[in-house]
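Note sheet for the following structure.
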Amino acid sequence: MEELSELLRRGGGDALPELRRRYGALIRYVVDAILPDARDAEECVSDVYLRLLSSASALDPSRPLKPWITAVARNAAVSMARRKRGEETQLDESLASGTTPEEELLRREREESLRRALEELPASDRRLIYRKYWYRQPTAQIAAELGLTARAVEGRLYRAKRRLRELLGGDEDG
């Protein structure tokens, strides 16, 4: 793993075959869940590899590659899905709205609170929340992969979200 990280940081095409071999299925899994159109997914996967190679010089060798690769794939797929729907990207929205430093600080604090609350959930509920809301997987896909019914997944998600609201200090009725 460290040798792939080093290959990526040095740049060049040497890392691409190894990157595809080790993480191609993961990238495809993340992208396919967000982009149902096969052509869009294929274009996005290519874009993910380009993004990985172009931003690899900033890689921290002490950090694992898998979360970084997953985040790049997810963000590329979400960006493409938004473009396909005609929406602006999150960055464009914040720039257009003229976000102040105070608003940015509040946003970061909310994100940190949510991260801490998610850590309080049981691992199975946390994974379910991530699959549904971070990776945007359809309920039917989650249910099939976990061997549950869609209704059972929805019930578990409902209870997990209710628990998150409690942990974040929100009301239980919302």
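222 nm [θ] for the chain, helices only, -39500 (n - 2.57) per DSSP H run of 4+, per residue, to 500?
Theoretical 222 nm ellipticity from helices: -24000 deg cm²/dmol.
Using alpha-carbon positions, what is the distance between the centroids of region 1-72 and region 103-174, in Å?
Centre-to-centre (Cα) distance: 26 Å.
Using only the C-alpha atoms of region 13-77, find the volume of their convex hull and express it per residue in Å³.
Taking the convex hull of the Cα positions in region 13-77, it is 79 Å³ per residue.
State the Kirkwood hydrodynamic radius of the chain in Å, one decimal place, computed from all pairs of distinct Cα atoms.
18.3
Rounded to the nearest 10 degrees, what's the angle between the helix 15-34 long axis and the longest principal axis of the chain, both from Cα atoms, 0 to 90?
With both axes taken from Cα atoms, the answer is about 30 degrees.
Since every read-out is calculated from the coordinates, none of them should be taken as a lab result. Worth saying up front: this structure is predicted, and the values here are computed from it rather than measured.
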